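One structure is given here, and the rest of the page talks about it.
The values are calculated or read from the model by the stated rules, or taken from the named source; none is laboratory data. As the structure is a computational prediction, the values presented were derived from the model and not from experiment. FYI the Cβ positions are ideal-geometry reconstructions off the backbone, even for glycines, and counts take in every protein chain you see. We work out accessible area using only protein heavy atoms, side chains counted, and drop any ligands, DNA or RNA first. Shrake-Rupley method; radii C 1.70, N 1.55, O 1.52, S 1.80 Å.
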Amino acid sequence: MKKVYVETYGCQMNEYDSEIVKTVLADRDYELVDSLSDADIVLLNTCSVRENANRKIYGRVHRIKHQRNGEEVKIGILGCMATNFRRKLLDDGSLPIDFIAGPDSYKRLPDLIENLEVEGAKPFDVTLSEFETYADVYPSCREKGVNAWVAVMRGCDNFCTFCVVPYTRGRERSREPENVTEEVRRLADEGFRQVTLLGQNVNSYRSNGHDFADLLEMVSSVAGIERIRFTSPHPKDFPRRLLRVINANPKVCRHIHLPLQAGSDRVLEMMARTYTRQEYLDLVDEVRDLCPNIVLTTDIIVGFPTETDEEFEETVEVMERVRYDAAFIFKYSERPQTIASRKFPDDVPDAVKSARTVRLNDIQQAHTLERNRAHIGQTHEVLIDEERTKKSDEDYQGRNDGNKIVIFPKGAYRRGQFVTVRITDATPSVLRGEVTDVLTR
Ligand code: 5AD
Ligand code: SF4
């Protein structure tokens, strides 16, 4: 029995895909191991959305070879880097890897590995599919916990000019809602309390005449699943009905991740985001109007080609207006194949990108603290997900509806239960409080 070790980089979609990979391999009698040093086969499920993700993998492959010096170990690259870097990884020989499988090839992975011994067989399979949704693979090798990831669609057709996803993950396709709901029902039977529905752009979910709001309603009918999260919607064409479902359906969490990317209309247009700054701000007003106190988070790219200081200040202005609960700030990094890499020279100096990143992170830190402190004195429902915290065995932690971490003293309650917590303190990273009640659901 071959022993396989899987390491995952990047987004939650990759976490889910690793669970699919593990399931496919376990079904074909591979043994999954938790330690690199026990493995015959090491799989790195990679991300190529931002540059440092690539560098990390290069370093990691060399370290694995060094650590397992002389021993027989095969290294396979999966995920987004696979499609984009096939030639570089295999042909120029600078990376000591043995095979590559792209995001739509995981069902053929056992064959690919077995054929490595066959002379003349190709050591890669990166063909992208218009149809593969892994609807017939139920990931039985999931990470245990209260939350389970569920991919409801794959790929992306938006072609934002900076983004490599349409090239690495291919065309957009949705899973049938009945199939998603069936998976969620099994998750409830296994004891999961929360699902997070994943898609590159859930607003364009369409299947059997249903849209994403319908899907949320269908999933929320599953008994035992008490919370439903999703990520991410695109700000263009945000369906109002989705906002009404978020507001009215108690299982759907009141948190929207709404990637802004930039605050200048000229930059947004170069990015092909298809909304203006004003349209984005109007949407935020509408979201807050329909769903008061909703948690809003975002992604921002600084130093997109030709972005001036004045245009960067427009991003600052949007942040000051919206005052997000959290924001993920990225330095623009040119990705192969993308429209931006072909049309726009990466001309903002790295030092400028760094300074802009520091500035936005400082602003966000203040906004997060302000938003978190506003919760002091309130009582939140918290789903317990850890019976300890990073810092203490005397505390437990969970998440509130808005996905904020809440820490409270340990007591007669356990992981997977809901408690109400009165918030007494806040930092930019956590809320802290006292348990006032243990809920029975
Ligand atoms: N450079 C920097 N950040 C990027 N992102 C996507 N592509 C790039 C890139 N080329 C960021 C976007 C996206 C998040 C997942 O990653 O902000 O929303
Ligand atoms: Fe990339 Fe834009 Fe698609 Fe998001 S919507 S995955 S940023 S192309």
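Within 10 Å of each candidate Cβ there may be at most 10 other Cβ atoms; applying that plus a DSSP loop requirement, which trypsin sites (Lys or Arg not before Pro) in the range 129-227 survive? Of the trypsin sites (Lys or Arg not before Pro), the ones in loops of the range 129-227 whose Cβ has at most 10 other Cβ atoms within 10 Å are 144. Calculated [222 nm] ellipticity per residue, helices only, for the chain: -10500 deg cm²/dmol; basis is -39500 (n - 2.57) per DSSP H run with n ≥ 4, divided by all residues, nearest 500.
What is the dipole size for the chain, taken about its Cα centre, with +1 at each Lys and Arg Cβ and -1 at each Asp and Glu Cβ, in debye to the nearest 20? Let's see the in-between values first.
Numbers: 63 positive and 73 negative charges, 96 e Å.
For this selection, approximately 460 debye.
A 1.4 Å probe run over the range 329-441, with the rest of the protein chains in place, finds 54 Å² accessible per residue. Computed over Cα pairs, the Kirkwood radius of the chain leads via Stokes-Einstein (0.692 mPa s, 37 °C) to a diffusion coefficient of 141 µm² per second. Classified by the C-alpha gyration tensor, the range 23-154 has a rounded form. Its axis ratio a/c, with a ≥ b ≥ c, is below 1.5. Projecting the Cα atoms of 332, 440, 260 onto the charge dipole of the chain (Cβ charges, centred on the Cα centre) puts 440 farthest toward the positive pole.
With R₀ fixed at 30 Å, the C-beta to C-beta distance from residue 68 to residue 119 puts the FRET efficiency at about 0.75.
Using the heavy atoms of the protein chains alone and a 1.4 angstrom probe, what is the accessible area of the range 34-172 per residue in square angstrom? Could the numbers behind the result be given before it?
Details: 6150 Å² over 139 residues.
Roughly 44 Å² per residue, with all protein chains present.
What part of the accessible area of the chain, given as a whole %, is carbon or sulfur when the probe is 1.4 angstrom?
On the way: 8990 of 19360 Å².
Carbon and sulfur together cover 46 percent of it.
The largest-to-smallest principal axis extents of the Cα set in the range 347-414 are 57, 25, 17 Å. A crude spin-label estimate for the pair residue 135 and residue 240, with each label 7 Å from Cα along the Cβ direction, gives 3.2 nm. Each residue, residue 352 and residue 323, gets one label point 7 Å from its Cα in the Cβ direction; the gap between the two is 3.1 nm.
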